[in-house]
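Right, one structure below, let's go through it.
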Protein chains: 2
Amino acid sequence: MAQQHLDPTDPTTRAVPVSGDALAGYLRAQATEFLRSLRQHRETGGGGAPTRASSSLAENGSAGSVDAARALRRSARRISGSLHTFRPLLDPDWSERMRPELAWLSGTLAREHAYSARLERLIGALNRLSGTGFPTQAGPEPSTTSKGSLTIGAAKAGALLDRQLTLARTRAHSAALQALGSSRFHAVADSVAVLASEVPLTPAAATADLRPSAAAAESRLLDAVGPLPLLTAGHPYNAEALVHGLSADTAPQPQDAPWHQVRLLLRLHRYAREVLYGEECPVDVRLLGAGQALNRHRDAAEAASAAASAARTPRIAPATAYALGVLHADQRHEVEAARFAFQQSWQKEAVPTP
Amino acid sequence: MAQQHLDPTDPTTRAVPVSGDALAGYLRAQATEFLRSLRQHRETGGGGAPTRASSSLAENGSAGSVDAARALRRSARRISGSLHTFRPLLDPDWSERMRPELAWLSGTLAREHAYSARLERLIGALNRLSGTGFPTQAGPEPSTTSKGSLTIGAAKAGALLDRQLTLARTRAHSAALQALGSSRFHAVADSVAVLASEVPLTPAAATADLRPSAAAAESRLLDAVGPLPLLTAGHPYNAEALVHGLSADTAPQPQDAPWHQVRLLLRLHRYAREVLYGEECPVDVRLLGAGQALNRHRDAAEAASAAASAARTPRIAPATAYALGVLHADQRHEVEAARFAFQQSWQKEAVPTP
């Protein structure tokens, strides 16, 4: 299979130089968005406990704070990514200090959401595998209605996953609250506040062209996609993702790592495009599809791993372990399906190298 | 999706009438083959025990008898299928008596092979899932070499399946031996011996055209393929086959039944073509691919069911149950993959209705 490359003469690529001003504008806008989300997060009671015990009013309150936290992560990732991609145009000391702090913040904020989404995915899969056809319910435990049609094993597996992932989520929530109250966070927020008014560009940046840095981000993406086993991934039911599904090694599947890496590089490429195009950034359906497939790949891989890890809980019933085995395999097949979807998105509209 | 039909003007369809002589010739040839296989089966020691304890010499001996039993089943199925398809051309009393006896015989002979193939498939899958990359080994238990890389759960699951399926195979072997020594079998063999020299055609058969009966067999196939969910099957990773994978219902998956039915009708259609074309019957790659996919569908469905049933063994360890859950899901995905393969074969070269 010929390796695919994005064509540098693609009409979606800027033909004229883009100066450092565009970067400054983008960073200012993201910093402003960061501060807005932070305010919203405080106002919507970001400190509310996310536990099941909370009343529906508090749940509503926390829905707003979930949105705010998502927006906060979103802008933190974009600032951090742009600092990385356009490093040569920014004050190096400042950006070297800033990036790990933003990564720490978005990582800390992401964990709570990740556990909650993972539980929802796994409970949804258990319902699907039980043929209940009920909508996904990440409630305290499989709802009474759907529980009726679940086998004992599936119901117990759901309850076990719920206990483990809810505990993890509660801990992540506390950690996020603690982080948001820390002096480390206040230092980040102060830096972002400065960024909202004054971007520390290098003296040369105002007249420099952003395109080479953006092109380098794209090259890193293409270099990482190159070695992916796309030929295999393009053959449906290749059964690759479940190889090692029963191996003694409990570490995360090493075969997933290159895909996770591409996911991060695809994101950086997408942010670089946003910088180049500003407000008028056209949606690239190919990148969008590929990115969604890689998100699904990551989510399914982590859900599979959570099912395998729950199965190692001491003293569980064989029926519970069986259901977790089915669930693990199901999510690993989701991993395989996501690779197939990525391959389809990536190949479909790619412009082959002449 | 437009429903696909085999085109009656297809060049592979006989344009000129085919008389009852062709049927008589075919039945005589199959009966002769039946008697030859039966002789070979006796000569190669079809009575040898198929247990693991048997020496490699005895294993070699039984390899010949396995081939003979396969050939015996093969001709019994063809005789029985032709009696069914070309019913109007044959003495009705005789063929009504004959068919259930042939079905009993080929069913009894098939079971031993089925258990042995199922064990091989499951042990192969366990090795694959453990990432051992070892060739399939349906030995007494996972070989020492590969066992080293299996988790305890996978190794125990393999040993459990081996015990259960070997026991079932041994019983099937005894039942087959008993059948081959029974007066019921001798009556069948006598009837087949008569068939080898004299086919009981109706008086009108010699001048009748076989094609309408063959076309009816094809119609029954097309009618059964019509309602299959081929649109879903054609979307890779549709996750249909594992729906109900954890449902409380332990009966074989009802969603499999229409596919099993198509498998039988496809076989009857294939035999009818053999009757029409005789020796010069052209290979229809489409039918071949579709038939192989349906065999794989049946094998995977039965293997999945064997894994689920092993998981209901009392007092197994959770790790064993987990491995069996992974294995069950893996085989249900094989079921889904087989449906996809069938859809691909079936659609690819079908001539659409104008």
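Of the residues B:Ala117, B:Ala125, the single one that is within 14 Å of chain A (Cβ to nearest Cβ), part of a helix (DSSP H, G or I) and modelled with pLDDT of 95 or more is B:Ala125. You will find that of B:Leu221, B:Leu242, the residue that is surrounded by 19 or more Cβ atoms within 10 Å (Cβ to Cβ) and more than 15 Å from B:Val335 (Cβ to Cβ) is B:Leu221 and no other.
Hey, any hits in the stretch A:204-212 for a residue that's in a helix (DSSP H, G or I) and surrounded by 16 or more Cβ atoms within 10 Å (Cβ to Cβ)? Yes: the stretch A:204-212 contains one or more residues that are in a helix (DSSP H, G or I) and surrounded by 16 or more Cβ atoms within 10 Å (Cβ to Cβ). Residues considered: B:Ala204, B:Ala157, B:Ala175, B:Ala193. Of these, the only one that is touching a helix residue (DSSP H, G or I) at 6+ places or on another chain (Cβ under 8 Å), in contact (Cβ under 8 Å) with a residue 60 or more places away in the chain and under 28 Å from B:Gly131 (Cβ atoms) is B:Ala157.
The requirement of being more than 14 Å from chain A (Cβ to nearest Cβ) and in contact with a helix residue (DSSP H, G or I) (Cβ under 9 Å, 6 or more places away or on another chain) is fulfilled somewhere in the stretch B:231-241, by at least one residue. In the stretch B:21-28, the count of residues that are modelled with pLDDT of 50 or more and exposed (fewer than 12 other Cβ atoms within 10 Å of the Cβ) is zero. With the condition kept exactly as written, say whether any residue in the stretch A:103-114 is of a type outside the set (Asp, Glu), touching an Asp or Glu at 6+ places or on another chain (Cβ under 9 Å), within 24 Å of A:Leu180 (Cα to Cα) and in the same structural domain as A:Pro203 (by TED's automatic domain parsing). Looking for residues that are of a type outside the set (Asp, Glu), touching an Asp or Glu at 6+ places or on another chain (Cβ under 9 Å), within 24 Å of A:Leu180 (Cα to Cα) and in the same structural domain as A:Pro203 (by TED's automatic domain parsing), one finds at least one in the stretch A:103-114, hence yes.
Matching residues to (1) closer than 27 Å to A:Thr85 by Cβ; (2) at pLDDT 95 or above; (3) among the polar types (S, T, N, Q); (4) in the same structural domain as A:Ala338 (by TED's automatic domain parsing):
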residue	(1), (2), (3), (4)
A:Ala214	yes, yes, no, yes
A:Gly226	yes, yes, no, yes
A:Ala239	no, no, no, yes
A:Leu242	no, no, no, yes
A:Gly245	no, no, no, yes
A:Asp249	no, no, no, yes
A:Gln255	no, no, yes, yes
A:Trp259	yes, yes, no, yes
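Screening B:Trp104 against (1) buried (at least 17 other Cβ atoms within 10 Å of the Cβ); (2) touching a Lys or Arg at 6+ places or on another chain (Cβ under 8 Å); (3) at pLDDT 85 or above leaves a single unmet condition, (1).
For beta carbons closer than 8 Å, sequence separation of 6+ or different chains, a first residue in the stretch A:306-332 that is farther than 19 Å from A:Arg128 by Cβ and a second that is hydroxyl-bearing (Ser, Thr, Tyr) and at pLDDT below 95, the qualifying pairs are A:Ser309/A:Thr250; A:Arg312/A:Thr250. Considering the stretch A:257-354, the qualifying helices (runs of 4 or more DSSP H), each wholly inside and each with 2 or more residues that are closer than 19 Å to B:Ala239 by Cα, run over A:285-311, A:318-348. Just one of the listed residues (A:Ala341, A:Ala321) is touching a Pro at 6+ places or on another chain (Cβ under 6 Å) and either closer than 23 Å to A:Arg121 by Cα or within 14 Å of chain B (Cβ to nearest Cβ) (or both), and it is A:Ala321. Taking the numbered list (1) surrounded by 20 or more Cβ atoms within 10 Å (Cβ to Cβ); (2) within 13 Å of chain B (Cβ to nearest Cβ); (3) modelled with pLDDT of 95 or more in turn, A:Ser146 passes all entries but (3). Within the stretch A:324-338, the set of residues being within 7 Å of chain B (Cβ to nearest Cβ) and within 23 Å of B:Ile316 (Cβ to Cβ) comprises A:Leu324, A:Gly325, A:Val326, A:His328, A:Ala329, A:Asp330. Scan the stretch B:226-245 and tell me whether some residue there is in contact with a strand residue (DSSP E or B) (Cβ under 8 Å, 6 or more places away or on another chain) and not polar (S, T, N, Q). Among the residues of the stretch B:226-245, not one is in contact with a strand residue (DSSP E or B) (Cβ under 8 Å, 6 or more places away or on another chain) and not polar (S, T, N, Q), which makes the answer no.
Applying the set (1) more than 30 Å from B:Ala155 (Cβ to Cβ); (2) surrounded by fewer than 18 Cβ atoms within 10 Å (Cβ to Cβ); (3) modelled with pLDDT of 95 or more to A:Ala272 leaves exactly one unmet item: (2). Flag set for B:Ala338, criterion: surrounded by 19 or more Cβ atoms within 10 Å (Cβ to Cβ), assigned by TED's automatic domain parsing to the domain that holds B:Arg273 and of a type in the set (Gly, Ala, Ser). For the stretch A:170-191, the criterion of being within 15 Å of A:Leu324 (Cα to Cα), assigned by TED's automatic domain parsing to the domain that holds A:Thr108 and modelled with pLDDT of 95 or more is met by none of the residues. Against the numbered list (1) away from chain A (no Cβ under 14 Å); (2) surrounded by 19 or more Cβ atoms within 10 Å (Cβ to Cβ), B:His260 comes up short only at (2). Restricting the first member to the stretch A:336-353 and to residues that are within 17 Å of A:Leu221 (Cα to Cα), and the second to residues that are at pLDDT below 95 and part of a strand (DSSP E or B), the beta-carbon pairs closer than 8 Å and six or more apart or on different chains are A:Trp346/A:Gln4; A:Gln347/A:Gln4; A:Ala350/A:Gln4; A:Val351/A:Gln4; A:Pro352/A:Gln4; A:Thr353/A:Gln4.
The values are calculated or read from the model by the stated rules, or taken from the named source; none is laboratory data. Every value quoted in this text rests on a predicted model; they were computed, and no experiment measured them. Cβ atoms come from the backbone with ideal geometry, glycine included; neighbour counts cover every protein chain shown.
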